[in-house]
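K.L.:
Before we start, here is the structure in question, set down as structure tokens.
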Amino acid sequence: MGFFNRIKAGLKKTSSVLNTDIRDLFKTEGRLVDDQFLDELFATLVKTDIGGKAGTEIRDRIQNTFRGRVIHMTEALDAVKQHLKELLAQPEESIRYATSGPTVVMVVGVNGSGKTTSIAKLAHMFRTQGKSVVLGAGDTFRAAAVQQLTIWAERLGVEIVTGEPGADPASVAHRAVSTALSEGKDVCILDTAGRLQTQVNLMKELEKIHRVIGKQIESSPHEVLLVLDATAGQNGISQARGFSEAANCTGLVLAKLDGTAKGGVVVPIRQEFDLPVKFIGVGETPEDLVLFNADEFSEALFDEQTV
Amino acid sequence: MFQSLQDGLQSAFKSLRGKGKLSDANMRDGLKLVEQSLIEADVNFAVIQDFMARVSEKALGRRILLSLTPSEELVGIIRDELIELLGPVDSSLHLRGDLTVLMLCGLQGSGKTTTCGKLSRLLIQNKQKPFLVAADLQRPAAIDQLHVLGEQIGVPVYSDKDITDPVKVCQDAVKRAQTEQANVVILDTAGRLAIDEELMAELARIDKRVKPDQVYLVTDGMTGQDAVNSAKAFNDALELDGVIMTKLDGDARGGALLSVKHVTGVPVKFIGTGEHLDALEPFRPEGMASRILGMGDILGLVDIARTVVDEREQQQLEEKLQAGEFTLDDFKEQLEKLARPGLMGNMLKMIPGMPKMEEDMDTDGEVQRLRAIIDSMTLDERRNPKVIDPSRRQRIARGAGVQSNQVNELVKQFDMMAPIMKSMAGKGIKGRMDAIRELQQSGMLDPGGRAPRTKQGTGKRINTKNRNKMRKMREKELRKKRRQNKMR
């Protein structure tokens, strides 16, 4: 080591002593919470798809709490988890049911997010709760979408109302709700075609469906669930905004959480729109729908991460 | 009226001098900005850091154009790097003479089946005979979906609902395609998670047994940080030959493409831009780079600076000026370059110390008028405006929809301008600046007289001592005069 380097190293030690909180001065383990520490934390946060804004916010929060302390990364992450648990916490009511008559659940989302599979899972869940279900196959656009839902209906033993390809989805929704009313079904789940939130006409179509069934049963649909692909990144925020504006979303279903994706984008969505996650999809069978649990989710966001 | 041309030239001269270079210190803010933007675009964080490190090394020491800030210059350089990284363009499907087998794979819901339909349509347009194979035996009605698509575009679809092994389906399908004299087989495989080892192994088995010529990964344009994981898994299990990114008709920035490209290194073939079967476009890195980077306003500025300072064009203009061949046509060309809506105002704002146009001035309208006048001239008139007599002038004015005195004004000013520009060509920067200043003072360049007169020295400097001496002398003279007045 050269002379100057030695001086530098010496000074570094001094400065780290000066920067260290007195509580941690004699700790032999852990690391000083400095810029490098915080940058690493930020990288860990961003990798969950939580986004730059929420990531920076949490980074600053940790900085304010721990700056100058010597801690383990796990301690910082525990604080982050605690914060997220509080942020994402919600009463564990799954579905807001109608006080009387059928409960109408409308399911919306972008193409390929997992709407149809999620509907099958929801139908299965209602069935196991002893409720009768009718499905409305409102995706009259995509090739064979109706068949896909019909196959599920057969497998699950629930009734389904379908329309011709290209038919007005609002008319299918209307008939499905009528069927639920006349046959005294407990739950009516309406499928809709996948659409991007930027397609104005298609978003208007959602508004129309919403309006039409609102006239059939007052205060319906009781739930409008936005199905979000867990692999989706920051565009999820735009999806939440667009679908909430058009269809008054009441909650999220976070699908495909069984992969390596973390689905962290629900954090900024919760911050910005107060839209709770109601269910998570964790597999391809009808049983693979689980009630969202903020504690478990927050823990899972950061597991397998090398700290 | 010649303001635009004048400013174009001035700014070009200015840029030749250069305004500074990119350094570690002045790049810091810009790097931070870009990093944030790329995070919002869903580029994987590790990829961002790797990319930024390389770019900042490359950008170090680069000259800053015009009055761009270092951050703006940096954003421009980063876009260039992104374009390079996303390229090269290769939208060819590399069809073989006899039978080509394409295989599409990807996560659930990424858009494989729809993309199969779109590819088939493209192939038909190119006089090929595609043959679709329903190898997705997982998702309910996936086979039906492909059959419906096949019917819509008139492409045979192979499926066999009795067979549960997709490898066998694919093998049978390739045989059938040969008897049906199709020349491109497209395998639509089931969506699968990258961590589903069993299904990934199945995919590898299809790859091994059926030996597709090209394997494409279909990726959802809205994918987040996870894009690297899935791309890596697919790239490890199969040897990918290309990537197709879907759902880019929305507002997703598509940063996942950079992650996928970084991991796989294979060319991006197409992008899906809609639900309809014709919405498949060959990939263009330029558009995608801007989309991922965002920062449209800054990129706008960079583009303006580069338009004004296209060095090659400037060189050509220079030669023309020097040879005295600068005609009204060249003038129009310069105008057109500058006539993009709003460009003029923006450009002027970027050039410090230049005569500013008032915000409310109808610059674009003015340019339109000038163009119209020149357009209404014959080639001969453009080359030699002297031939324009009153009757020609009337004709031109009618053609351009202006008063004939406006035609006159243009010609007069061009006459004044041309020799001056000629004299300017070939001079050094200082010479040019002097020439321009001279022009401004003569008021020739600016008939409206908007140009501020630069203060000129008298050529003499008076120090305090001399000034006091002079004051004393003046006072002495005054007293003398008063005395003389009294005496009278």
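The values are calculated or read from the model by the stated rules, or taken from the named source; none is laboratory data. Computed from a predicted model, the values in this text were never measured in an experiment. Neighbour counts run over all protein chains shown; Cβ positions are idealised from the backbone, glycine included. SASA here: full protein model, heavy atoms, side chains in, ligands and nucleic acids out. Shrake-Rupley method; radii C 1.70, N 1.55, O 1.52, S 1.80 Å.
Quick grid of which residues meet (1) more than 20 Å from A:F292 (Cα to Cα); (2) part of a helix (DSSP H, G or I):
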position	(1), (2)
A:A54	yes, yes
A:I58	yes, yes
A:I62	yes, yes
A:T65	yes, yes
A:G68	yes, no
A:T74	yes, yes
A:K81	no, yes
A:E93	no, no
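K.L.:
Out of the residues in the range B:114-125 meeting the condition of being open to solvent by 10 Å² or more (accessible area, probe 1.4 Å) and over 14 Å from B:K269 (Cβ atoms), tell me which one is farthest from the other protein chains (Cβ to nearest Cβ). Steps first, please.
P.N.:
Filtering the range B:114-125 for residues open to solvent by 10 Å² or more (accessible area, probe 1.4 Å) gives B:114, B:118, B:121-122, B:124-125.
Going one step further and asking which of them are over 14 Å from B:K269 (Cβ atoms), we end up with B:114, B:121, B:124-125.
Working: B:T114: 8, B:R121: 13, B:I124: 17, B:Q125: 20 Å.
Out of the qualifying residues, it is B:Q125.
K.L.:
Now for a separate question. Looking at this structure, is A:G114 open to solvent by less than 10 Å² (accessible area, probe 1.4 Å), within 14 Å of another protein chain (Cβ to nearest Cβ) and either aliphatic (A, V, I, L, M) or touching a residue at least 24 places away in the same chain (Cβ under 8 Å) (or both)? Spell out the reasoning first.
P.N.:
On the way: open to solvent by less than 10 Å² (accessible area, probe 1.4 Å): no; within 14 Å of another protein chain (Cβ to nearest Cβ): yes; either aliphatic (A, V, I, L, M) or touching a residue at least 24 places away in the same chain (Cβ under 8 Å) (or both): yes.
No.
K.L.:
Is it the case that the range B:247-263 has a residue that's assigned to a strand (DSSP E or B), within 13 Å of chain A (Cβ to nearest Cβ) and within 24 Å of B:I143 (Cα to Cα)?
P.N.:
no
K.L.:
Give, as residue ranges, the strands (runs of 3 or more DSSP E) completely inside the range A:123-216 that count at least 1 residues that are crowded, with 23+ Cβ neighbours inside 10 Å.
P.N.:
Hits in the range A:123-216: A:133-136, A:187-190.
K.L.:
How about the range B:21-140: which helices (runs of 4 or more DSSP H) wholly inside it have at least 3 residues that are outside the structural domain of B:A173 (by TED's automatic domain parsing) and in contact with a helix residue (DSSP H, G or I) (Cβ under 7 Å, 6 or more places away or on another chain)? Talk me through it step by step, then tell me what you get.
P.N.:
On the way: elements: B:24-40, B:45-59, B:70-86, B:112-125.
Here the list reads B:24-40, B:45-59, B:70-86.
K.L.:
Would you check if A:L225 is of a type in the set (A, V, I, L, M) and open to solvent by 10 Å² or more (accessible area, probe 1.4 Å)? If you could, list the steps in order and put the result at the bottom.
P.N.:
Numbers: of a type in the set (A, V, I, L, M): yes; open to solvent by 10 Å² or more (accessible area, probe 1.4 Å): no.
It is false that A:L225 is of a type in the set (A, V, I, L, M) and open to solvent by 10 Å² or more (accessible area, probe 1.4 Å).
K.L.:
Could you please give the count of residues in the range A:147-189 that are in contact with a His (Cβ under 8 Å, 6 or more places away or on another chain) and among the β-branched types (V, I, T)? Working first, answer last.
P.N.:
Going residue by residue through the range A:147-189, those that are in contact with a His (Cβ under 8 Å, 6 or more places away or on another chain) are A:156.
Narrowing further to those that are among the β-branched types (V, I, T): none.
Final tally of qualifying residues: 0.
K.L.:
Can you confirm whether the range B:260-270 contains a residue that is under 25 Å from the mean Cα position of the chain (by Cα) and free of Cβ contacts under 8 Å to residues at least 12 places away in the same chain?
P.N.:
Checked the range B:260-270: at least one residue is under 25 Å from the mean Cα position of the chain (by Cα) and free of Cβ contacts under 8 Å to residues at least 12 places away in the same chain.
K.L.:
Next up: Does the range A:221-236 contain at least one residue that is part of a loop (DSSP other than H, G, I, E, B) and more than 9 Å from every other protein chain (Cβ to nearest Cβ)?
P.N.:
Taking every residue of the range A:221-236 in turn, at least one turns out to be part of a loop (DSSP other than H, G, I, E, B) and more than 9 Å from every other protein chain (Cβ to nearest Cβ).
K.L.:
Right, another one. Go through the residues of the range A:50-71 one by one and say whether even a single one is within 14 Å of chain B (Cβ to nearest Cβ) and in contact with a Ser or Thr (Cβ under 9 Å, 6 or more places away or on another chain).
P.N.:
Looking through the range A:50-71, at least one residue is within 14 Å of chain B (Cβ to nearest Cβ) and in contact with a Ser or Thr (Cβ under 9 Å, 6 or more places away or on another chain).
K.L.:
Filter the range A:252-307 down to residues that are open to solvent by 60 Å² or more (accessible area, probe 1.4 Å), farther than 18 Å from A:L226 by Cα and polar (S, T, N, Q), then give me how many there are.
P.N.:
Count: 2.
K.L.:
Checking A:L135 against (1) hydrophobic (A, V, I, L, M, F, W, C); (2) in contact with a strand residue (DSSP E or B) (Cβ under 8 Å, 6 or more places away or on another chain); (3) more than 14 Å from chain B (Cβ to nearest Cβ), which single condition isn't satisfied?
P.N.:
That leaves (3) as the condition not met.
K.L.:
Hey, any hits in the range B:169-180 for a residue that's within 11 Å of chain A (Cβ to nearest Cβ) and assigned to a loop (DSSP other than H, G, I, E, B)?
P.N.:
No, the conditions are met nowhere in the range B:169-180.
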